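Here's the structure we're looking at; comments come further down.
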Amino acid sequence: MTNEQSLAEPVSTSPDGGGWRTDVLGPHYEQRTLPLGTDPDREGDVVATLVRYVPNGSVEQTAGAVLYVHGFTDYFFQEHLAEHFAARGFQFYALDLRKCGRSLREGHTPHYVTDLAFYDRELDESLRIVQEETGAPVVLNAHSTGGLIVPLWLDRLNRTRGTAAAGVTGLVLNSPWFDLHGPSYYRTIGTPIIKGLGRFRRMVELPGGGKVSTYGDSLHRSVAGEWDYNLDWKPLHGFPVRLGWLRAIRNGHARLHAGLDIGVPSLILRSRMTKFAREYGPAVDVADAVLDVRQIQRWSGCLGDRTNMVPIDGAKHDVFLSGPEPLSSAFAELDSWLDWLEAYRVGAGENSPEACA
């Protein structure tokens with residue numbers, strides 16, 4: 001569980017970025033603003049925010065580094081995840097994308113972009129900083145919408161620079177958003193409608209979007225969960241879904257479904273089952289209440305390279321915010337894969353358990 005410090009007040013940031021300073025999570029966490037200039041979506045200047053975990057007060061020389069990327073209606077607050085990676089000898093970083101969490105500014109529409117490639121700028125800069133500070137190989141870790149954004153970026157990176165040359169050695173995806181769930185007509189006749197309306201009526205809210213609090217209720221300690229986080233940055237009911245953003249998502253899904261080449265092995269963790277509900281009930285505590293896990297299974301082979309898919313019994317949508325038993329299982333699977341990745345990277349191992357092309 002995260003600390004009980006109030007997260008209601010965002011840390012002030014200078015427009016020109018500057019150095020590292022204490023983060024809202026407390027003295028062992030620091031944040032750095034990444035100025036990104038004028039928003040291509042015409043909402044003023046935008047920034048991203050890089051966070052690092054420094055339990056001993058500074059970055060240490062380690063065997064590896066991790067860069068974490070959140071999902072929609074989300075930001076980095078999972079201290080136990082940072083601590084777990086650090087205990088394994090990784091220097092941990094997390095990125096709050098533009099208009100998300102720590103990076104949200106007055107006049108911004110939360111999480112709104114019309115092209116997922118806009119995120120390349122903060123991802124490129126974050127990777128550069130992580131490598132500059134650590135000199136270590138980097139494992140990327142992404143959740144939900146971040147699990148779509150990061151593979152698309154890696155595919156572009158691999159085609160232009162080469163993923164290995166860029167210093168990335170592996171990818172861990174936590175319930176990645178690989179397709180639009182719901183009735184099949186959402187994905188057939190619905191997608192051209194989304195793309196057409198999303199082009200010309202970008203800011204229109206999807207009816208019903210951002211109205212259901214089932215998943216949020218299962219997480220936050222003010223309702224039925226055990227986690228404490230900033231409800232301004234991660235509201236229980238989620239942020240509204242706008243057609244311009246959803247169009248960008250569907251374009252991203254189409255690119256994924258056509259096949260990517262991310263250039264590195266990946267581990268995909270997901271719940272074993274889905275449970276959609278309009279209101280909170282105990283059943284959503286042991287299932288993915290946001291995405292259809294069958295779609296994650298179906299499209300995981302589109303990443304390219306070696307892919308290891310692991311269903312976690314009793315896991316929530318954010319596998320690392322699950323109850324004690326599934327959380328323990330998820331960390332065990334993560335550790336096993338990281339051991340394999342290290343052996344594979346140095347040439348000591350050739351085959352991942354349950355790996356597929």
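Annotations
- Of the residues in region 265-273, at least one is out of contact with any strand residue (DSSP E or B) (no Cβ under 6 Å at 6 or more places or on another chain) and over 15 Å from Val172 (Cβ atoms).
- Identity of the residue in region 202-255, among the basic types (Lys, Arg) and within 23 Å of Leu180 (Cα to Cα), that ends up most open to solvent (accessible area, probe 1.4 Å): Lys211
- If you go through region 240-265 and keep only what is among the hydrophobic types (A, V, I, L, M, F, W, C) and in contact with a Phe, Trp or Tyr (Cβ under 7 Å, 6 or more places away or on another chain), you end up with Trp245, Leu256.
- The set of residues in region 104-128 being crowded, with 18+ Cβ neighbours inside 10 Å, more than 20 Å from Gly244 (Cα to Cα) and touching a Phe, Trp or Tyr at 6+ places or on another chain (Cβ under 9 Å) consists of Leu123, Ser126.
- Selection status of Ile296, β-branched (Val, Ile, Thr), closer than 30 Å to Met203 by Cβ and surrounded by 18 or more Cβ atoms within 10 Å (Cβ to Cβ): yes
- Subset of region 158-185 [farther than 23 Å from Ile312 by Cα and open to solvent by 10 Å² or more (accessible area, probe 1.4 Å)]: Asn158, Arg159, Thr160, Arg161, Gly162, Ala164, Ala165, Gly167, Thr169, Pro183, Ser184, Tyr185
- Look at region 298-326: where a residue is hydroxyl-bearing (Ser, Thr, Tyr) and a partner is outside any strand (DSSP E or B) and at pLDDT 95 or above, sitting 6+ places away or on another chain with Cβ atoms under 6 Å, you get Thr307/Ser300; Ser322/Ala315; Ser322/Lys316.
- Test result for Arg306, under 20 Å from Arg156 (Cα atoms), touching a helix residue (DSSP H, G or I) at 6+ places or on another chain (Cβ under 9 Å), basic (Lys, Arg) and open to solvent by 10 Å² or more (accessible area, probe 1.4 Å): yes
- Residues in region 54-63 include none that are at pLDDT 95 or above and not in a loop (DSSP other than H, G, I, E, B).
- Scanning region 69-104 for residues that are in contact with a strand residue (DSSP E or B) (Cβ under 7 Å, 6 or more places away or on another chain), among the charged types (D, E, K, R) and farther than 21 Å from Ser175 by Cα returns Arg98, Lys99, Arg102.
- The residues on offer are Leu291, Leu260, and the sole one that is crowded, with 18+ Cβ neighbours inside 10 Å and in contact with a Leu (Cβ under 6 Å, 6 or more places away or on another chain) is Leu260.
- Residue in region 327-344 that is of a type in the set (A, V, I, L, M, F, W, C), loosely packed, with under 15 Cβ neighbours inside 10 Å, outside any strand (DSSP E or B) and without any contact (Cβ under 8 Å) to a residue 12 or more places away in the chain present: yes
- Answer from Val264, Val310, Val290, Val284 - the residue that is of a type in the set (Val, Ile, Thr), in a loop (DSSP other than H, G, I, E, B) and under 17 Å from Ser144 (Cβ atoms): Val290
- Against the numbered list (1) farther than 27 Å from Val138 by Cα; (2) open to solvent by less than 30 Å² (accessible area, probe 1.4 Å); (3) touching a residue at least 60 places away in the same chain (Cβ under 8 Å), Leu267 comes up short only at (1).
- Taken together, the residues in region 74-103 that are at positive phi and surrounded by fewer than 24 Cβ atoms within 10 Å (Cβ to Cβ) amount to 2.
- Single residue of region 3-53 satisfying the filter (outside any strand (DSSP E or B) and of a type in the set (Ser, Thr, Tyr)) that is modelled with the highest pLDDT: Thr13
- In summary, Arg278 fulfils each of the numbered conditions (1) of a type outside the set (S, T, N, Q); (2) at pLDDT 95 or above; (3) within 29 Å of Arg221 (Cβ to Cβ) with the single exception of condition (2).
The values are calculated or read from the model by the stated rules, or taken from the named source; none is laboratory data. In this text, all values refer to a predicted model and were calculated from it rather than measured experimentally. Ideal geometry is used to build each Cβ from the backbone, glycine not excepted, and the neighbour counts take in all protein chains shown. Side chains included, ligands, DNA and RNA excluded: accessible areas come from the protein's heavy atoms. Shrake-Rupley method; radii C 1.70, N 1.55, O 1.52, S 1.80 Å.
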